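Have a look at the structure below before the remarks.
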Ligand SMILES: [Zn+2]
């Protein structure tokens, strides 16, 4: 088995990491973007429910008005009936009692008329509320649909990019020693898509912790892969530092 040139392997790993970082970002977006649409959808559904509530109020008012109209007709019929009987009465006492009943009936009818007028006023303002809410909702729906379409297009682009990245990855991977690749991929999976990091000014750029001098010396020997003692990522030095 030919000995691997670790330095050149690390350079290829860096290229692979650049691809894998993009893949990681794409997958993050694939996870988070649909949730944005979910949030918008929920808020849109809430508003739809609000409109339904307003429409229910409008219906209730209509029903209240109709009931009051029926009540008014019945009161008016009652008054008419009493008025018809008025002249068949024998005594003054009966006559006066009935006059009082007629007057009471008219007062009742007048109160019901007020109720109808009140209901009509409320209906008018309720109708305006419903219209305004419908307008707002249709605007919301437009915005929601546009946003949804935008995200769907972006997700499609992400999928296209992912398949390109995957093809790039497949071209590079055969150049990497299987053992090295295995270790890289394990770290990649466990460390948020970042497996190989630079050591700059003695600091690991994966976890921002200090890398001891003896570890840096080990990296410079290119004898085996050296990982950060804190975050476990593979460490490399830029040419100027190495
Ligand atoms: Zn580290």
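The values are calculated or read from the model by the stated rules, or taken from the named source; none is laboratory data. For clarity, every value in this text was computed on a predicted model and none was experimentally measured. As a convention, Cβ positions derive from the backbone with ideal geometry for all residues, glycine included, and neighbour counts pool all protein chains shown.
Among the candidates 226, 176, 180, single out the residue that is within 16 Å of the ligand (Cβ to nearest atom) and over 17 Å from residue 26 (Cα atoms).
Answer to the check: 226.
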Check your understanding: Limited to segment 63-82, what total is found for residues that are loosely packed, with under 15 Cβ neighbours inside 10 Å and either under 38 Å from the mean Cα position of the chain (by Cα) or more than 26 Å from residue 133 (Cβ to Cβ) (or both)?
Key -> 7
Exercise for review: Working only within segment 193-214, note down all residues that are within 12 Å of the ligand (Cβ to nearest atom) and out of contact with any strand residue (DSSP E or B) (no Cβ under 9 Å at 6 or more places or on another chain).
Suggested key: 194, 200, 208, 212
Revision key, fill the gap. When residue 125 is run through (1) away from the ligand (no atom under 16 Å from the Cβ); (2) exposed (fewer than 14 other Cβ atoms within 10 Å of the Cβ); (3) under 20 Å from residue 20 (Cα atoms), the failure sits at (3)
Practice item. Would you check which residues across segment 229-242 are outside any strand (DSSP E or B) and either more than 10 Å from the ligand (Cβ to nearest atom) or within 16 Å of residue 10 (Cα to Cα) (or both) and list them? Key: 232, 233, 237, 238, 239, 240, 241, 242
**Study point:** Where a residue in segment 195-221 is at positive phi and its partner, wherever it lies, is assigned to a loop (DSSP other than H, G, I, E, B), with Cβ under 7 Å and at least six apart
**Key:** 202/211
Exercise for review: Could you please let me know if residue 60 is farther than 30 Å from residue 222 by Cα, within 31 Å of the chain's Cα centre (by Cα) and in a helix (DSSP H, G or I)?
Suggested key: no
Review point. Looking at residue 183, is it at pLDDT below 95 and surrounded by 14 or more Cβ atoms within 10 Å (Cβ to Cβ)?
Key: no
Exercise for review: State yes or no: is residue 220 farther than 30 Å from residue 44 by Cβ, more than 16 Å from the ligand (Cβ to nearest atom), surrounded by fewer than 18 Cβ atoms within 10 Å (Cβ to Cβ) and more than 38 Å from the chain's Cα centre (by Cα)?
Suggested key: yes
